[in-house]
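Presented below is the structure to which this report refers.
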Amino acid sequence: MATRLFLIAIAIYRLIVTVGLTTLGPTELLHLSTDRAEVESASVDFGRLTRTEPVAVFRPRSDVDVADLVKTATSTSGFTVSARGHGHSINGQAHTADGVVVEMGRRRDGSNGPSGPKVNVREEYVDVWGGELWVDVLRSTLEYGLAPRSWTDYLYLTVGGTLSNAGISGQAFNFGPQISNVFELDVVTGKGELNTCSEKINSELFHAVLGGLGQFGIITRARIALEPAPQRVRWIRVLYSNFTAFTKDQEYLISLHDKPSSQKFDYVEGFVIVDEGLINNWRSSFFSPKNPVKISSLGASNNGDVLYCLEITKNYFDSSESVDQEIDALLKNLDFIPASVFTTDLPYVDFLDRVHKAELKLRSKGLWEVPHPWLNLFVPKSRIDEFDKGVFKGILGNKTSGPILIYPMNKHKWDERTSVVTPNEEVFYLVALLRSALENGEETQTLEYLTDQNRRILKFCEEAEIGVKQYLPHYTTQQEWINHFGDKWDHFYKMKMEYDPKRILATGQRIFKSILDVNDVALR
C-alpha cells in the first residue's frame, strides 16, 4: 500500500510538471493539493458513516482541467478519480482510497472556478457548471423570472451530484425527476475524453450518465430546462390517521398531472409521524410551537399512534383570489381529518429553501454534523400497505430520530433509458428514512440501533418480496449491484467498459473494482 501511494504521488507530480507548469504556472499547480485540512475534508461526507482519505484533492478551473487529470489517471502511472460535489453522500460514494478527489463545488468566494450560470431566456434553459449548487442556479435564473421545473428538497446540492442519482422532490409527479429535465451535458469520460451529449448527440452516453452514479464520466456542464417562476406559494398540510385514505388521496393528486395548472397542486409529498415529539420537529416546524398538534386529539391512538401528513402546495403570481377557489375545489375531494388543515403563505424562494433554514438551526445546536444512517427506498404501489404495517407500525415502534418522507410518483415521467432503477409499476412511492444518530441520546437514537433497524427493514422487504429498489443505493458486493440493476445490468456493464474501461471513476460506489486493484499493477 505504501508503495502504491508513493507511486501515485509520483504520477501526481508528473501531472503538475507536465500540465501545471506549462499551462497554469508554478504557483497554481493546477489546484492540486495534499494540504491536511483539504484531504481531511474530502475524507468524510454528510453520512459520517465512513472515512477514506484520498492521496490528494483537485480543484479544477474548467472542464479541460478535469479532462487533463483523468487522462493522467488512465496512463501507466494511473490512479483513481472521484468527483465530489457538496459532500452530501451517505456511504462514502465520493471517496477514493488510492487516488484523487475532484472537488467540483465552487469556492464560496467565487475565485478560481468556472464561469457562473448562463441563462437563455428565449429558449428557457440555463447552462451550469457541474459543481454549481442548485440554490445558486435558482438565484441566477430568478433574475430573469425563470426557475428549473424539478427540484430536490435541499438546494445545497450540486447539479452534477443530483443528476448522477435522479433528483426528486414533490414536483416529480408532474415533471419527473431532475434527470428528466436536462437538455444537454458535457461529460469527461473515464478515458479523459470531453464529450457533449444529448438526446441527439452521443445519446447512449447521455442516458447512461443520467442516474449513472458517476460510473461513466464526470458531469462538467448541464443544460437545465426552465419555466416562468411563480412569486408565491400556498403551503398546506393535512393529517390522516388512516393509511389507506392517505395513500388513496396522494395517488389521486398525482393522477391529475395532465390537468391544467388550475386543477392540480404543484407539489405533492407526505411524511409519517410515529410519535408526538416529531410532529413539531425540524421537518414539521410548519406547525406552531405555541399550538402543538397532539396525536391523541386527532384520532390516531387506536392506530398504533401513527399519523400521516399530506404536504401540498399551490404556486401563484400576484392575486391569490383564484388560488383560494382552486385549493378549496381540490381539498373537497380529499378524506383527511377535518380539523387538521394547516396553511401558510410564503415567497417561492423561501419554500424551495425551507430545509436550509432548518439546517442552520441544527448547526447552531451541534446536531447537523452527526452520523446520518439514511435509507431511501422506492416501494411499488401494490405493496405500500404491507410496507406500512411491517415498517411504520412494526419495525419502527413508536420512536424515530428524523423525518420519514413518503410520496408517490408516476413512472412514465421517468425515462427508462437512463441508468436509474425503479419498481416495475406505473406508480411507486419514495420512502425516505432520514434519521440522525446521537451519541448522548436515547438508545433508539444511537447509530448502532438505527443501522440495525435499517438492516431489519431491508430484510423484511426481501423476505416479503416487496420488490423495493434503493434510491441513492449502497451495496458492498457486485452481486448485490447486479440484483439491483436487474435487466439493466448488462447494458450498465457494457457502458462501463465503453466509457471507463480501467474502472477508475467513482470507486467509492463499490460497483466495480478498479483495474489497478484487480491486476495489482505496478504504477510507473
Among 33-40, 443-450, 481-488, the order from most to least packed when residues are scored by Cβ within 10 Å on average = 443-450, 481-488, 33-40
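For W489 and D335, calculate 0.36 nm times their separation in residues minus their Cα-Cα distance, and state this gained length in nm to one decimal.
51.3 nm
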Scan around A83 for amide H atoms under 5 Å from its own, H built in the peptide plane at 1.01 Å from N, and keep only partners 5 or more places away or cross-chain.
-> V102, A506
For E442 paired with Y252, estimate the spin-label separation in nm (one decimal), with each label point 7 Å from Cα along the Cα-to-Cβ line.
-> 3.5
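Using 0.36 nm per residue of separation minus the Cα-Cα distance, give me the extension gain between D324 and K200 in nm, one decimal.
Between D324 and K200, full extension yields 40.3 nm more.
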Take the alpha carbon atoms of the range 316-394, find their center, do the same for the range 40-82, and report the distance between the two centers in whole angstrom.
-> 36
Sorted on mean Cβ neighbours within 10 Å (highest first), peptides 87-98, 460-471, 395-406, 163-174 come out as 163-174, 87-98, 395-406, 460-471
Shape call for the range 308-352, from the Cα gyration tensor axes a ≥ b ≥ c (a/c under 1.5 means rounded, otherwise prolate when a/b beats b/c, else oblate), comes out oblate
Most to least packed among 250-260, 56-66 [average Cβ atoms within 10 Å] | 56-66, 250-260
In whole Hz, what ³J(HN,Hα) sequence does the range 446-451 give by Karplus (6.51, -1.76, 1.60; θ = phi - 60°), x for Gly and Pro?
-> 6, 4, 4, 5, 5, 5
Label-zone membership for the range 166-190, site M497, 7 angstrom Cα→C-beta point, backbone N under 20 Å | 189-190
Based only on the alpha carbon positions, what is the Kirkwood hydrodynamic radius of the range 345-451, in angstrom?
-> 16.2
Multiply the residue gap between E425 and E386 by 0.36 nm, knock off their C-alpha separation, and tell me the result in nm, one decimal place.
-> 12.5 nm
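FRET efficiency for K259 and E465, Cβ-Cβ distance as r, R0 = 30 Å, nearest 0.05?
Efficiency at R0 = 30 Å is approximately 0.30.
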Karplus-derived HN-Hα couplings along the range 234-248 (A = 6.51, B = -1.76, C = 1.60, θ = phi - 60°), whole Hz, x at Gly and Pro | 9, 10, 10, 10, 10, 10, 10, 9, 10, 5, 4, 5, 4, 5, 4
Which cross-chain or sequence-distant (5 or more) residues have an amide H under 5 Å from the amide H of V427, H modelled 1.01 Å from N in plane?
-> K381, K411
Simple spin-label estimate for T34 and N454 in nanometres, 7 Å along Cα-Cβ = 3.3
At a 1.4 Å probe radius, which order do M497, M104 fall into by accessible area, largest first?
-> M497, M104
What do you get when you divide the Cα radius of gyration of the range 388-439 by 2.2 N^0.38 Å, with N the number of residues?
-> 1.47
What per residue convex hull volume, in Å³, do the alpha-carbon atoms of the range 232-470 yield?
-> 144
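Do you know the relative contact order of the range 161-234, to the nearest whole percent, from alpha carbon pairs under 8 angstrom that are 6+ apart?
It comes to 33 percent, rounded to a whole number.
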Taking the Cα-to-Cβ direction at K513 and at D345 and moving 7 Å from each Cα, how far apart do the two end points lie in nm?
-> 6.3
Taking a probe of 1.4 Å, how large is the accessible area per residue of the range 232-470, in Å²?
-> 45
Phi-derived 3J(HN,Hα) across the range 183-193 with the Karplus relation (6.51, -1.76, 1.60, θ = phi - 60°), rounded Hz, x for Gly and Pro, is 8, 7, 9, 10, 9, 8, 6, x, 8, x, 8
For the range 206-267, treating each Cα as an identical point scatterer without solvent, what Debye log10 I(q)/I(0) comes out at q = 0.17, 0.25 1/Å?
-> -0.87, -1.06
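The values are calculated or read from the model by the stated rules, or taken from the named source; none is laboratory data. All of these numbers come straight from a predicted model, not from anything done at the bench. When we count neighbours, we look across all protein chains shown, and the Cβ atoms used for this are built from the backbone with ideal geometry, even at glycine. In case anyone asks, the SASA skips ligands and DNA or RNA and just uses the protein heavy atoms, side chains included. Shrake-Rupley method; radii C 1.70, N 1.55, O 1.52, S 1.80 Å.
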